[in-house]
Amino acid sequence: MVDQASELRELMRQCARAKAPPGRPTRITLGGGKGGVGTTTLAVNLAVALAARHGRTLLVDADPDRADAAVFCGIEPCGTVADVLAGQSSVEEALQDGPGGIQILPGSLASSLDTRTIIHRQLIEPLGALGNRFEFVVVDGGNGSGPRTRQMWHAADLVLLVTTPELPSVMDAYASVKLLADSAFRGRIHTLVNMAIDAATACEVHGRLARACQRFLGVRLESAGHVPGEPAMSAAADAGTPIVMVGESVPAAQHIARLARTLAATAAVAHALAPAAAEPATA
């Protein structure tokens, strides 16, 4: 049986190949195939866990359909992604303080401004230039397949594909890979099974997804483990408090903290290897 620790060690080995250039924050995008799988909850908690021990972290709410990360964090947005895309605000001007020391770029619903060119110029490029302020940029990519979501997948160093064990969720996750990981996609995708009762269940879900994506799409998926479902997770979300701030005794908080440690270590390895990888080989 593959346990959480083994899955995360393999995640570290696989992700180390994606070498973010020095001076650019590591960008992690979370996305799912349908609403209700916990993408926003996981994005907020992962951002807080990274900020707590591993580096300054920005949470970007790029969900084009719900845009409720700010509500989850209990803040009233003063500026949003819509303002940035419209050129009414810079990314840095729209940032707000969030829980656990993170900063948040609040979201907005999709609009006519959601074109690839504008998203790249107004949002993607400025986020990549924030290496002097942040070590990590965690993106709640939501569950859509429009230009905003596609750009966030393509700009990520790592995509965490969120699903639950339910068959409709797994099928929708597959559909997301089919729609978003097109021929131009060069990132890495790892499944994160939310609300799983145990590691064996998560492993079975990942296996089904990985085999289907490899066979029919030619896309390789790796596993980022799972987060167990528990009442404390929902209660913390309803209270506007990330579960990782409630206490380390909560299993879900332990799993998210472990994932954050692995991603932080992976980023450190990737940044360390990037300069050497850029140098020409000598005889």
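The values are calculated or read from the model by the stated rules, or taken from the named source; none is laboratory data. Because the structure is a prediction, the values reported are computed rather than measured. Don't worry about glycine lacking a Cβ; one is built from the backbone with ideal geometry, like all the others, and counts go over all protein chains shown.
If you check Thr80 against the conditions, is it at pLDDT 90 or above, buried (at least 17 other Cβ atoms within 10 Å of the Cβ), polar (S, T, N, Q) and under 17 Å from the mean Cα position of the chain (by Cα)? When the stated conditions are applied, Thr80 does not pass them.
Quickly run through region 233-257 and pick out the residues that are surrounded by fewer than 16 Cβ atoms within 10 Å (Cβ to Cβ) and either small (Gly, Ala, Ser) or modelled with pLDDT of 85 or more (or both). Scanning region 233-257 gives Ser234, Ala235, Ala239, Gly240, Met245, Gly247, Ser249, Pro251.
Being more than 16 Å from Thr39 (Cβ to Cβ), crowded, with 22+ Cβ neighbours inside 10 Å and touching a strand residue (DSSP E or B) at 6+ places or on another chain (Cβ under 7 Å) is the requirement here; does Ala267 meet it? Yes; evaluated as a whole, the condition is true for this residue. Here Phe136 clears all of (1) surrounded by fewer than 24 Cβ atoms within 10 Å (Cβ to Cβ); (2) in contact with a Pro (Cβ under 9 Å, 6 or more places away or on another chain) except the condition numbered (1). Any residue at all in region 113-120 that's in contact with a strand residue (DSSP E or B) (Cβ under 8 Å, 6 or more places away or on another chain) and either within 29 Å of Ser183 (Cβ to Cβ) or surrounded by 19 or more Cβ atoms within 10 Å (Cβ to Cβ) (or both)? Within region 113-120, none of the residues are in contact with a strand residue (DSSP E or B) (Cβ under 8 Å, 6 or more places away or on another chain) and either within 29 Å of Ser183 (Cβ to Cβ) or surrounded by 19 or more Cβ atoms within 10 Å (Cβ to Cβ) (or both). Just checking, does region 86-104 include any residue being within 15 Å of Thr149 (Cβ to Cβ) and not charged (D, E, K, R)? Taking every residue of region 86-104 in turn, none turns out to be within 15 Å of Thr149 (Cβ to Cβ) and not charged (D, E, K, R).
The residue pairs whose first member lies in region 256-283 and is over 21 Å from Val244 (Cα atoms) and β-branched (Val, Ile, Thr), whose second member is surrounded by 18 or more Cβ atoms within 10 Å (Cβ to Cβ) and modelled with pLDDT under 50, and whose beta carbons are closer than 8 Å, counting only pairs six or more residues apart or on different chains, do not exist in this structure. Across region 25-65, the qualifying residues are those that are assigned to a strand (DSSP E or B) and of a type in the set (A, V, I, L, M), and the one among them that is farthest from Leu95 (Cα to Cα) is Leu30.
Could you say which residue among Gly207, Gly225 is surrounded by 23 or more Cβ atoms within 10 Å (Cβ to Cβ) and either modelled with pLDDT under 95 or assigned to a helix (DSSP H, G or I) (or both)?
Gly225
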